[in-house]
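So the structure is just underneath, and the comments pick up after that.
The values are calculated or read from the model by the stated rules, or taken from the named source; none is laboratory data. A quick note: this is a predicted structure, and the numbers were derived from the prediction, not measured. We place every Cβ from the backbone using ideal geometry, glycine too, and count neighbours over all the protein chains shown. The accessibility values were calculated without ligands, DNA or RNA, using every heavy atom of the protein model including side chains. Shrake-Rupley method; radii C 1.70, N 1.55, O 1.52, S 1.80 Å.
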Amino acid sequence: MKYRQILASLILAIALFVFPLSAQAASSSSISRSAGDDFQSKDYSGQSLIGTEFTNIDLENANFSNADLRGVVFNGTVLEGVNLHGADFSNGIAYLAKFKNVDLSDAVLSDAMMLRSIFNDVDVTGADFTNAVLDGTQVKKLCQKASGVNSKTGVNTRDSLGCK
């Protein structure tokens, strides 16, 4: 009996090794540019967009104020003139994103990964960057204008960026 259990376990292990179960990723909304799509000046304010992916899209002048953007991905996205006031972008990813003339005031960006993204003329008054990962040169740039305390988390913007 004991040998049968060992033999059955061994056969099962070999079968799983030779014929592994296919892994399926959890699905999330994905938005990428296709012919005729226009995302500029679109109003997403107050919406729940948890886990949505924006890839290679020009979101110029879009309004994400007070939106739930937890886990959202901005990959290669142009975010010029975008309103992210009060948005929750915690655990989000902004890779190769271009933030220019963006309102990040009172936004929550905790635990966000924002490597290789550029921040020019950005309002970070009251933004919470706790545990966010940004390129050092961008942190220095943001620290020059950083001030205020986030109304939701009570975190000081300069402290959350690690400004000296």
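Here region 65-80 is the region considered, the condition is being open to solvent by less than 40 Å² (accessible area, probe 1.4 Å) and β-branched (V, I, T), and the residue that is farthest from N150 (Cα to Cα) is T77.
Considering only residues that are at positive phi and within 14 Å of the chain's Cα centre (by Cα), look in region 110-164 and name the one that is most open to solvent (accessible area, probe 1.4 Å).
Residues of region 110-164 that are at positive phi, as a first pass: 111, 116, 121, 126, 131, 148, 154, 162.
After this cut, where a residue has to be within 14 Å of the chain's Cα centre (by Cα) as well, the list is 111, 116, 131.
Working: D111: 74, R116: 139, N131: 109 Å².
Out of the qualifying residues, it is R116.
Kindly indicate whether A94 is closer than 17 Å to G126 by Cα and of a type in the set (A, V, I, L, M). Answer is no for this residue.
How many residues does region 60-75 contain that are of a type in the set (D, E) and either more than 12 Å from V108 (Cβ to Cβ) or in a loop (DSSP other than H, G, I, E, B) (or both)? Write out each step before concluding.
Here is the first cut: in region 60-75, the ones of a type in the set (D, E) are 60, 68.
Narrowing the set further to residues that are either more than 12 Å from V108 (Cβ to Cβ) or in a loop (DSSP other than H, G, I, E, B) (or both) leaves 60.
Of the residues in that region, 1 qualify.
Please go through region 81-124 and give me each residue that is in a strand (DSSP E or B) and more than 20 Å from Q144 (Cβ to Cβ), ordered by number. N83, D88, I93, Y95, V108, M113, listed by residue number.
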